[in-house]
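Asker: Okay, here's the structure, questions in a sec.
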Ligand code: HAM
């Protein structure tokens, strides 16, 4: 009988200990910057009712149509087992809005500025930069006080600031506006009129998008579709004067903040909930999956999910893509230990374990090798663990009631008394 070897599901990956310092650097910088911009963390469940995602991103969006990872389960509800339709979250905007409504945050504050870091799940075909489990950091600013172009600019500048502080410079910010619901409707009518005579030239995907999500045709990567789209005149005539004025204000604040951007009329985003400002940040070193992050305003979504009529704006950045774009710059060294104990025989090991316990109780990071391996192999381990100091205990040291303390960077060593199991001098020398 052959025994199955398990590996991670396709499109997911393990993040191993040596990669963790990079993740921690990115996460801790992000938390610090979110705090600087006045955002507070929110954590929502990793799964929600399937319908929440369908209603927010739109039944016809690619994410809902093709990429949802559904959990179908028979679960107890009261005394009865019922079949429930849950899905792993493909993004977090819907969940945050659900939580905003459920917890009546509009009654508690005029503007809820929320951020999150965490895993998202999409059943996409995996490729470089496109995973089935990936991680986002993002913000959502929701509430009655949020209907101002300053907030669009604040959120966009936050995304740019985050990327810069991770060390990224090679990226481009593209912005556009879809206008309000009526403008969007006008825009989609205009696109259908323009694209109808070209329908047979479009890829099969876009032919089906024509009815269900005509905007998506604009950002299709297929060469023929791009050629057809380039022949359409994309001016802003579908916008009302109020929407045009709003976008002007957003751009003005971005100019004042000295944030470089490119107005891209083809940028429409694939999720139904956007209104007014939309933006995307692309990295030049990323290949076909080049979006480092994206976001925009969604003034109708809270009400569409049966909440109050409040505006909102947000974005999410993909952490794996940030790490890919950083390349070598993403490598962060693992932290070494303060001390490593080398015990050369059984009585030394008994003493060493006591010292180890004492070091740890004093918050000195430390470890030991329990195997009584050779001095050489224990020193190799101490080096691998990047120990700053090594405490060596052998037969002679025990007899004299001392230990040898080796400073690894200076290659010096000294004898330190541990008479009557008093480790205070040792602790002081290590903490120095
Ligand atoms: P999104 O454009 O679907 O927007 O995703 C945002 C970012 O998540 C992408 O630009 C990319 O960096 C990363 N990402 C998405 N899918 C994958 C994947 N399969 N593998 C790796 N990375 C991926 C949203 O999710 C919206 N919720 C953003 C938002 C927040 N809009 C308003 N508020």
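The values are calculated or read from the model by the stated rules, or taken from the named source; none is laboratory data. Treat the numbers as computed from the prediction; the structure is a model and nothing was measured. Reconstructed Cβ throughout: ideal geometry from the backbone, glycine too, with neighbour counts over all protein chains shown.
Asker: Mind checking which residues of the stretch 367-383 are assigned to a helix (DSSP H, G or I) and surrounded by 11 or more Cβ atoms within 10 Å (Cβ to Cβ)?
Answerer: First, the residues of the stretch 367-383 that are assigned to a helix (DSSP H, G or I): 375-383.
Scanning the stretch 367-383 gives 375, 377, 378, 379, 380, 381, 382, 383.
Asker: Take the residues in the stretch 25-58 that are free of Cβ contacts under 8 Å to residues at least 24 places away in the same chain and away from the ligand (no atom under 16 Å from the Cβ); name whichever of them is nearest to the chain's Cα centre (by Cα). Explain how you work it out, then say what you get.
Answerer: Within the stretch 25-58, the subset free of Cβ contacts under 8 Å to residues at least 24 places away in the same chain is 28, 32, 35-36, 54.
Now restrict to residues that are away from the ligand (no atom under 16 Å from the Cβ): 28, 32, 35-36.
Numbers: 28: 12, 32: 14, 35: 16, 36: 18 Å.
Going through the qualifying residues, I end up with 28.
Asker: Considering only residues that are in a loop (DSSP other than H, G, I, E, B) and near the ligand (Cβ under 8 Å from one of its atoms), look in the stretch 249-304 and name the one that is nearest to residue 171 (Cα to Cα).
Answerer: Pass one, the stretch 249-304, residues in a loop (DSSP other than H, G, I, E, B): 257-261, 264-274, 284-290, 298-300.
With near the ligand (Cβ under 8 Å from one of its atoms) added as a condition, the list becomes 269-271, 273-274, 289, 298.
On the way: 269: 18, 270: 21, 271: 22, 273: 25, 274: 23, 289: 13, 298: 24 Å.
Filtering the stretch 249-304 for residues that are in a loop (DSSP other than H, G, I, E, B) and near the ligand (Cβ under 8 Å from one of its atoms), the one nearest to residue 171 (Cα to Cα) comes out as 289.
Asker: Something else now. Within the stretch 33-46, does at least one residue satisfy the condition of being surrounded by fewer than 18 Cβ atoms within 10 Å (Cβ to Cβ), modelled with pLDDT under 95 and within 23 Å of residue 271 (Cβ to Cβ)?
Answerer: no
Asker: For residue 344, indicate whether it is at pLDDT 95 or above and crowded, with 20+ Cβ neighbours inside 10 Å. Give the derivation first.
Answerer: Details: at pLDDT 95 or above: yes; crowded, with 20+ Cβ neighbours inside 10 Å: yes.
Here the answer is yes, as residue 344 does meet what is asked.
Asker: Does the stretch 213-224 include one or more residues that are touching a residue at least 60 places away in the same chain (Cβ under 8 Å), assigned to a helix (DSSP H, G or I) and either farther than 16 Å from residue 58 by Cβ or in contact with a helix residue (DSSP H, G or I) (Cβ under 8 Å, 6 or more places away or on another chain) (or both)? Working first, answer last.
Answerer: In the first step, residues of the stretch 213-224 are kept if they are touching a residue at least 60 places away in the same chain (Cβ under 8 Å); the result is 213, 216, 221.
Imposing the further condition that a residue be assigned to a helix (DSSP H, G or I) reduces the set to 216.
Add one more test, that the residue is either farther than 16 Å from residue 58 by Cβ or in contact with a helix residue (DSSP H, G or I) (Cβ under 8 Å, 6 or more places away or on another chain) (or both), and what stays is 216.
The answer is yes; a qualifying residue exists.
Asker: Another question, if that's okay. Could you tell me whether the stretch 164-183 includes any residue that is closer than 26 Å to residue 66 by Cα and more than 16 Å from the ligand (Cβ to nearest atom)?
Answerer: Taking every residue of the stretch 164-183 in turn, at least one turns out to be closer than 26 Å to residue 66 by Cα and more than 16 Å from the ligand (Cβ to nearest atom).
Asker: While we're here: Working carefully through the options 390, 403, find the one that is assigned to a strand (DSSP E or B) and closer than 25 Å to residue 17 by Cα.
Answerer: Numbers: 403 fails: closer than 25 Å to residue 17 by Cα.
Residue meeting the stated conditions: 390.
Asker: Now for a separate question. For the stretch 310-344, how many residues meet the condition of being under 22 Å from residue 154 (Cβ atoms) and more than 18 Å from the chain's Cα centre (by Cα)?
Answerer: Our first condition is that a residue be under 22 Å from residue 154 (Cβ atoms); within the stretch 310-344, this holds for 310-319, 322.
If we keep only those that are more than 18 Å from the chain's Cα centre (by Cα) as well, we get 310-312.
Matching residues across the stretch 310-344 total 3.
Asker: Please determine, by comparing only the residues of the stretch 86-122 that are out of contact with any helix residue (DSSP H, G or I) (no Cβ under 7 Å at 6 or more places or on another chain) and farther than 24 Å from residue 158 by Cα, which one is nearest to the ligand (Cβ to nearest atom).
Answerer: 121
Asker: Hey, another quick one. Please state which of the following conditions residue 64 fails to meet, knowing it meets all the rest: (1) in contact (Cβ under 8 Å) with a residue 40 or more places away in the chain; (2) buried (at least 20 other Cβ atoms within 10 Å of the Cβ).
Answerer: So residue 64 meets the others, but not (1).
Asker: Filter the stretch 305-332 for residues that are crowded, with 22+ Cβ neighbours inside 10 Å and more than 9 Å from the ligand (Cβ to nearest atom) and give the result.
Answerer: Of everything in the stretch 305-332, those that are crowded, with 22+ Cβ neighbours inside 10 Å and more than 9 Å from the ligand (Cβ to nearest atom) turn out to be 310, 311, 325.
Asker: Can you tell me which residue in the stretch 130-152 is farthest from the ligand (Cβ to nearest atom), limited to those that are assigned to a loop (DSSP other than H, G, I, E, B) and in contact with a strand residue (DSSP E or B) (Cβ under 8 Å, 6 or more places away or on another chain)?
Answerer: Taking the stretch 130-152 and keeping what is assigned to a loop (DSSP other than H, G, I, E, B), we get 131-132, 143, 147-148.
When the remaining residues are screened for being in contact with a strand residue (DSSP E or B) (Cβ under 8 Å, 6 or more places away or on another chain), the result is 132, 143.
Details: 132: 7, 143: 14 Å.
Checked the stretch 130-152; the qualifying residue farthest from the ligand (Cβ to nearest atom) is 143.
Asker: Further question: Look at residue 413 and say whether it is part of a strand (DSSP E or B) and modelled with pLDDT of 95 or more.
Answerer: Numbers: part of a strand (DSSP E or B): yes; modelled with pLDDT of 95 or more: yes.
So residue 413 passes the test.
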